[in-house]
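Asker: Following this message is one structure expressed as structure tokens.
The values are calculated or read from the model by the stated rules, or taken from the named source; none is laboratory data. Model, not experiment: these values are computed from the prediction. Positions of Cβ are backbone-derived with ideal geometry, glycine not excepted, and every protein chain shown enters the neighbour counts. Surface areas here come from the heavy atoms of the whole protein model, side chains and all, with no ligands, DNA or RNA. Shrake-Rupley method; radii C 1.70, N 1.55, O 1.52, S 1.80 Å.
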Amino acid sequence: MTTASANDRLDRLTDYPFTRLATLLSGITPRANVEPTVMSIGEPQHQPPALIDEVLRANAHLWGKYPPVAGTPDWRAAAADWLNRRYALPAGLFDPETSVLPAAGTREALFQTALLAVPERKNGQVPAVLMPNPFYAVYEGAGLLAGGEPVFLPATRETGFLPDLDALDPELLARTALFYLCTPANPQGAAADAAYLTRAIALARQYDFVLAVDECYAEIYLDTPPTGVLEVAAGLDHGGQPWANLLVFHSLSKRSNAAGLRSGFVAGDPTLIARFSRLRSYSNAGTPLPLLAASAALWRDEAHVLENRAAYRAKFAAAEEALQGRYGYYRPAGGFFLWLDVGDGEEATRRLWAEGGIRVLPGAYLTRSLPGEPNAGAPYIRVALVHDTETIARACSAFPRILG
Ligand SMILES: Cc1ncc(COP(=O)(O)O)c(C=O)c1O
């Protein structure tokens, strides 16, 4: 078959950021005797909780069953209880029967949200899919492959690392089908506050688009728990439809160091969740029952999450000590990334790999160039603080030696 008859939208995507990184670093061999330290990917290296194995073993008799799209009542209750606890939702407001679905991590549900939300035309025009710039690559892929037009909203230091909602053109909003918002943001770590989320919810309802809030870093923070869109929505005057136009995405990948479990959920507007269930009946394999049982146990356990947060505090302290405010270092409100202004992110990435065996990601690979402007992410590198404190201290203290 020739590619001429294939879905040519795929060709409009750039290579995935990690593919681009592999290309950038191919042919560069780190100096002899340096142990490679992979800080490019947001994959927590802490031990996953022992609970996972225990519950999987106890539920091994369920591997023979096909899992239901909506998960099990026990899993739904665990996810809803966690949302109620984490966001202090008013009792009974969140209905586990109608408002949540399991997903294989947030990634695939975020991707599918575009299939759910993007119509052929929105108000007679090409539907826009808004996303911050820089952004998680899946948003762009999803928007494009669903037939929408990805629209990149600057999320720079000047805008507080979140899109400026007041700068949105009403004509653009009128054709917006979907708005991906990430809080705490990857890569910058900015967290939207209640006023920001209130404004975003109001826009979604006024212009009738889906506000998809990616909160997969919500449990990784140093001091103050980042605000969630559901807690803000619960406090608004909602006429009995608190989650209208909203979808929120949570994951055990970062919260529970269990990226390989592939377990998360999508929650929110019951009308959207019902349509999502319909979509997923056709497209998804479902989350296996033993995995749902393990996931329920993880959502119910806070001890490992507290331990995790203490570990991240130590990591940030080590990075801070090593960097001494260089490269515009700041403490993110959430997540585990450093977003460092090193002048030329690609060049810094090459040098860190060649001279220190340290693999980071150039900011340009997470950021689109906007017409007539330089790539706003090009001066940056993203550094994932996912290793143990000692490794992080060692790697970060090599930065000034290598980068100056
Ligand atoms: C912003 C953001 N959203 C979603 C994901 C997907 O994570 P998962 O599918 O493991 O929940 C990631 C993973 O790194 C991410 O950085």
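Asker: Applying 1/(1 + (r/R0)^6) with R0 = 45 Å to the Cβ-Cβ distance of LEU115 and ARG326, what FRET efficiency is obtained, to the nearest 0.05?
Answerer: 0.55
Asker: Can I ask one more? For the range 253-344, with only Lys/Arg (+1) and Asp/Glu (-1) charged at the beta-carbon, what is the dipole magnitude about the Cα centre, in debye rounded to 20?
Answerer: 380 debye
Asker: Kindly work out what percent of the DSSP beta bridges joining two residues of the chain are antiparallel, to the nearest 5.
Answerer: 45 percent
Asker: Report, in cubic angstrom per residue, the convex hull volume of the C-alpha atoms of the range 56-205.
Answerer: Normalising the Cα hull of the range 56-205 by residue number yields 153 Å³.
Asker: Pulled fully out, how much extra length does the chain show between GLN206 and GLU307, if you take 0.36 nm times their separation in residues and subtract their Cα-Cα distance?
Answerer: 32.2 nm
Asker: Next question, about the same structure. Please work out the FRET efficiency for the pair ARG199 and VAL126, using the Cβ-Cβ distance as r and a Förster radius of 22 Å; give the result to the nearest 0.05.
Answerer: For ARG199 and VAL126, the calculated efficiency is 0.30.
Asker: At a Cα cut-off below 21 Å, give the lysines reachable from LYS254, other chains included and same-chain residues fewer than 8 away excluded.
Answerer: Correct list for LYS254: LYS315.
Asker: Just name one of ASN84, SER26, ASN59: the one whose Cα is farthest towards the positive end of the charge dipole of the range 1-90 (beta-carbon charges, Lys/Arg +1, Asp/Glu -1).
Answerer: ASN84
Asker: Go through the range 172-177 residue by residue and turn each phi into a ³J(HN,Hα) via Karplus (6.51, -1.76, 1.60, θ = phi - 60°); whole Hz please, and just put x for glycine and proline.
Answerer: 5, 4, 5, 10, 7, 9
Asker: Also, I was wondering about something else. Let me know the volume per residue of the alpha-carbon convex hull for the range 264-404, in Å³.
Answerer: In the range 264-404, the Cα hull volume divided by residue count equals 189 Å³.
Asker: Using modelled backbone amide H atoms (1.01 Å from N, in-plane), which distant-in-sequence or interchain residues come within less than 5 Å of CYS182's amide H?
Answerer: ASP214
Asker: With the alpha-carbon atoms as the only input, what is the per residue convex hull volume for the chain in Å³?
Answerer: Residue-normalised Cα hull volume stands at 163 Å³.
Asker: Please give me the summed charge of the neighbours of SER99: other residues whose Cβ is under 12 Å from its Cβ, Lys and Arg +1, Asp and Glu -1.
Answerer: So the surrounding residues net to -2.
Asker: Now for a different question. Can you give me the distance in nm between label points at LEU62 and ALA88, each placed 7 Å from the Cα along the Cα-to-Cβ direction?
Answerer: Placing both labels 7 Å beyond Cα along the Cβ direction yields 3.3 nm.
Asker: To continue, here is another question. Could you give the size of the charge dipole of the chain about its Cα centre, using +1 on the Cβ of each K and R and -1 on the Cβ of each D and E, expressed in debye and rounded to the nearest 20?
Answerer: It works out to roughly 620 debye.
Asker: Along the charge dipole of the range 223-359, which of GLY286, GLY335, LEU352 sits closest to the positive end, that is, farthest toward it, with unit charges on the beta carbon of Lys, Arg, Asp and Glu (+1, +1, -1, -1)?
Answerer: GLY286
Asker: Separate question: Helix-only estimate, please: 222 nm mean residue ellipticity of the chain, summing -39500 (n - 2.57) across DSSP H runs of length 4 or more and dividing by its residues, to the nearest 500.
Answerer: Helix-only estimate at 222 nm: -12000 deg cm²/dmol.
Asker: In addition: Efficiency by 1/(1 + (r/R0)^6): what FRET value for ASP11 and GLU171, r their Cβ-Cβ distance, R0 = 41 Å, to the nearest 0.05?
Answerer: Approximately 0.90, to the nearest 0.05.
Asker: Please state the charge dipole magnitude for the range 304-348, taken about the Cα centre, from unit charges on C-beta atoms (+1 on K and R, -1 on D and E), reported in debye and rounded to the nearest 20.
Answerer: Charge dipole of the range 304-348: 360 debye, to the nearest 20.
Asker: Kindly give Rg over Rh for the range 87-149, based on alpha-carbon atoms, with the Kirkwood expression for the hydrodynamic radius.
Answerer: When Rh is taken as the Kirkwood radius, the ratio is 1.08.
Asker: Considering only protein heavy atoms and a 1.4 Å probe, what is the carbon-and-sulfur percentage of the accessible area of the chain?
Answerer: Here it works out to 52 percent.
Asker: Sticking with this one: Enter the accessible area per residue of the chain (Å², integer; probe 1.4 Å; all protein chains in place).
Answerer: Normalised by residue count, the accessible surface of the chain is 42 Å².
Asker: Taking the simple approach of a point 7 Å from Cα along Cα-to-Cβ for both THR3 and THR224, what is their distance in nm?
Answerer: In this crude spin-label approximation the distance works out to 4.8 nm.
Asker: Oh, and also: Tell me the label-point distance for the pair SER26, THR159, using the 7 Å Cα-to-Cβ offset, in nm and rounded to one decimal.
Answerer: 3.4 nm
Asker: Right, here's the next one. What is the percent of Cα-Cα separations in the range 181-220 that go past 12 Å?
Answerer: That fraction is 60 percent.
Asker: Rounded, prolate or oblate: which fits the range 144-185, taking a ≥ b ≥ c as square roots of the Cα gyration tensor eigenvalues, rounded meaning a/c under 1.5, else prolate when a/b beats b/c?
Answerer: Verdict is oblate for the range 144-185.
Asker: Shape of the range 192-279 from its Cα gyration tensor (a ≥ b ≥ c, root eigenvalues): rounded if a/c is under 1.5, otherwise prolate when a/b > b/c, or oblate?
Answerer: Oblate is the answer for the range 192-279, as a/c is 1.5 or above yet b/c matches or exceeds a/b.
Asker: Dipole of the range 85-210 (Lys/Arg Cβ +1, Asp/Glu Cβ -1, origin at the Cα centre): which of TYR139, PRO102, THR113 lies farthest to the positive side?
Answerer: PRO102
Asker: Calculate the all-directions average of the projected area of the range 277-337's alpha-carbon convex hull, and give it in nm².
Answerer: 7.1 nm²
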